[in-house]
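Presented below is the structure to which this report refers.
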Amino acid sequence: MTANSCILRVAINTPLRRLFDYLPGREHTRSNFRIGQRLRVPFGRQGNRVGLLVSLVNQSPVAKEKLKRIHDIIDPEPIISPEHLELLDWASRYYHHPAGEVMLGTLPTLLANGKPASTNPEPHWRITTSGRRFPPDEFGRAKKQRALLDFLNNRPEGVTRAQLSDQFTHWNGPLNALIEKGLVEKFFLTGEIRTVNQLPQGNVPLNGEQQQAVAAITSAVDSYQCFLLNGVTGSGKTEVYIECIREILKQGKQALVLLPEIGLTPQFIKRYQESLGVKADVMHSGLTDRERLNAWLAARDNNATVLLGTRSAVWTPFYNLGIIIVDEEHDLSFKQQEGFRYSARDMACIRAQRENIPVILGSATPSMESLENARTDRYRELTLHERAGNARLPHIDIIDMRGCRMQGALSSGLVDVIREVIDRGEQVLLFLNRRGYAPVMMCHDCGWIFHCHRCDRYLTWHKQDNRLSCHHCGHEEKPVTSCPECDGVNIVEIGHGTQRLTETLEQCFPEARILRIDRDSTRRKGSLENMFDDIREGKVDILIGTQMLAKGHHFPRVTLVGIIDADRGLYSTDFRASERLAQIIMQVSGRAGRAAQPGTVLIQTHYPRHPLLTTLISQDYAAFSRLVLEERKQTSLPPFSYHALVRAEAHDQALAERFLNNARERLDNNKKQQVTAYGPMPAPIPKKAGKYRMQLLLQAGDRNRLRRTLDPWISQLEEMQDHRKVRWSIDVDPLDML
Ligand code: ADP
Ligand code: ZN
Ligand code: ZN
């Protein structure tokens, strides 16, 4: 076959659900092309686009005269392997997401934009000898220079742009001043294997259950198997991961560890590096495009041995991947909630299966899906029942708030216990998953409630920065002093957010050192890390936090955890609300008593006899999950059925509704599929940022049947004519109805 008789099938990053055919350039021969190369192709009126060569074919549905020629070939060699391309293709089919968006959207931005697939050395900065000898007081008023030099002095190996930005704002000027004085120098580090100073392997000896888990996993490293590592908080799951990785590294293979957004802290990275004696590469949303590309290339070219990453790291190609670990597998941040809606946890399992390697899903509070997979032997469950070392699991109790005397959001019982704990010099952690001062502002004269005109939702009062803010669309307003309805001036604050709770505590405990941790108080880069340091160093008595505090962190001085408001999760319309509440209660509780002193957890509720709470407290998460699974089975909800959610939004509610009605009709015409449609119905937030939102839920008892139904149906939806005015998307295995 000559070059001219071959047709290049190319993926392009567009929402169109298809691939595009091109002819080679006149100067090309067929041997110039290999699957996985990037090509520059003409595309619509936008001119040049970057495409990924997916296959070479002989026939195109488009007449040959109409096919355009590519402009040029970007990569002499493929940038990804055919196997990796197949994985992306599989994901695009499974999630019914346009192939081009999946294949190019999961590449590092620089590659998707056509930049060369090679490591550019990353600039680093380090302190010079004269910098080390420079007397600190000579900086005078140049405080930032002094702080920068201090920082660099503690890091003789040099720091990156990202590390500087983590700690400092506007560091460029002061850094250049230091360079001019000869105190700091810039240098370049390339991506070859870098080992950290080999530390003595001072690892704790594993206990029996840990050893059994490691033995089970390491004896099965040559084939696919999914392990569910079900271990209570503080049971030493991380040590198990590390031992398994050590075994994989010994065999010359690579390891991928996926963590929730918030779990990838410097401490955590250090723990891996020090125990394994290798430099771990990281991949998270805080990286620059260049850093991300470097980490991606390092993994692909076998220069990275361990990659620690958040959700999107699951799409990294590896030269010789030996194991995948998903820590806190129940965590919602593994699910991408917009654009290409995938579950990194599920993709980790699919990937392990395709590459024939083991995968570990670890959690103290596994998802119902994973527990059911373990029960039906699709996963192998390994259990760690006890906390590692000398730590004990905390004792959980309920505070019945009915008729109770309250100080703000605090029952008098809780206030008393807090006092005892801080008097003993121990720390208290109070959990309230609601930032701001008050969730509702109301006119006491007429009942008017301040709400967002774009979302029809209440505005949250942020007293500290004197603004009303919509937590759904980000809209902000200055507070008004009178009611827009009746001109009354009696505006009252209803409910409690973290700011108000902080105020209450300052009144009750004027002498205590109180720290609030939520998205508002940690907006500045690096501030969260500094706060964690303060907590660990005992500079804080009472910690107030949202779910940012719930996960994975180790605060050895915390002995009392208070859950301020458990009631919201008990009676929700979302069938997953109880699972989420139990997970968050167990995770927050897990922060208590992680060291020598035992911990206590107190849950404030008006429903002390709610079966969820009583099961969780008198028994454990396992008993609770059996209850939930039984309930899901009775009602045929996931994991006993499979969901796909079609969301539609438009400026006009009727348009969105009509689109989904038409969609449903087309589905109903095909009765034999045994897929049930519910809706269209308004989304739980029916209006957001000025757009009306409707949804249609599809449910099937069989995953393949759902998939077979969706395939032709989605092509029909694409062709339905009013879709330009309606934005729609599909979410396979949705976790959130929002
Ligand atoms: P998890 O990830 O299950 O919450 P970690 O792996 O973070 O638990 O371990 C909790 C704490 O227990 C850590 O401080 C860890 O160093 C310690 N630890 C883990 N395994 C052991 C062990 N076998 N003996 C003593 N301490 C241990
Ligand atoms: Zn009023
Ligand atoms: Zn809004």
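The values are calculated or read from the model by the stated rules, or taken from the named source; none is laboratory data. Keep in mind it's a predicted model, so treat the numbers as computed, not measured. For neighbour counting, all protein chains shown are included, and Cβ atoms are generated from backbone atoms with ideal geometry for every residue, glycine included.
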statement: Of those in segment 431-450 that are in contact (Cβ under 8 Å) with a residue 12 or more places away in the chain, closer than 13 Å to Glu485 by Cα and part of a loop (DSSP other than H, G, I, E, B), the residue nearest to ligand 3 (Cβ to nearest atom) is Phe450
message: Quick test of your reading of the structure: Val492 fulfils all but one of (1) exposed (fewer than 13 other Cβ atoms within 10 Å of the Cβ); (2) touching a strand residue (DSSP E or B) at 6+ places or on another chain (Cβ under 8 Å); (3) in a loop (DSSP other than H, G, I, E, B); (4) at pLDDT 85 or above. Name the failing condition by number.
response: (3)
- line: Counted residues in segment 178-217 being modelled with pLDDT under 90 and in contact with a Pro (Cβ under 7 Å, 6 or more places away or on another chain) come to 4
Failed criterion for Pro556 (all others in (1) within 19 Å of the chain's Cα centre (by Cα); (2) over 17 Å from Arg434 (Cβ atoms); (3) within 16 Å of ligand 1 (Cβ to nearest atom) hold): (1)
- request: Go through segment 363-402 and count every residue that is in a loop (DSSP other than H, G, I, E, B) and either touching a residue at least 40 places away in the same chain (Cβ under 8 Å) or in contact with a Cys (Cβ under 8 Å, 6 or more places away or on another chain) (or both).
  value: 18
- prompt: Looking at segment 451-488, which of its residues are in a strand (DSSP E or B) and of a type in the set (Asp, Glu)?
  reply: Glu476, Glu477
query: In segment 451-473, how many are within 14 Å of ligand 3 (Cβ to nearest atom), more than 20 Å from Gly569 (Cα to Cα) and free of Cβ contacts under 8 Å to residues at least 40 places away in the same chain?
result: 8
field: Single residue of segment 229-260 satisfying the filter (of a type in the set (S, T, N, Q) and not in a helix (DSSP H, G or I)) that is nearest to ligand 2 (Cβ to nearest atom)
entry: Thr233
message: Within segment 223-253, take every residue that is among the polar types (S, T, N, Q) and modelled with pLDDT of 95 or more and give me the one that is nearest to ligand 3 (Cβ to nearest atom).
response: Asn230
task: Residue by residue through segment 323-366, note down the ones that are within 16 Å of ligand 1 (Cβ to nearest atom), more than 25 Å from Ala644 (Cβ to Cβ) and not hydroxyl-bearing (Ser, Thr, Tyr).
output: Ile325, Asp327, Glu328, Ile360, Gly362, Ala364
message: Which count do you get for residues in segment 1-58 that are surrounded by fewer than 16 Cβ atoms within 10 Å (Cβ to Cβ) and of a type in the set (Val, Ile, Thr)?
response: 3
task: Filter segment 422-436 for residues that are more than 16 Å from ligand 1 (Cβ to nearest atom), crowded, with 21+ Cβ neighbours inside 10 Å and within 15 Å of Ile514 (Cβ to Cβ) and give the result.
output: Gln427, Val428, Leu430, Phe431, Leu432
query: Within segment 504-529, which residues are buried (at least 18 other Cβ atoms within 10 Å of the Cβ) and among the charged types (D, E, K, R)?
result: Arg516, Asp518
statement: Of the residues in segment 212-230 that are within 26 Å of the chain's Cα centre (by Cα) and of a type in the set (S, T, N, Q), the one that is surrounded by the most Cβ atoms within 10 Å (Cβ to Cβ) is Asn230
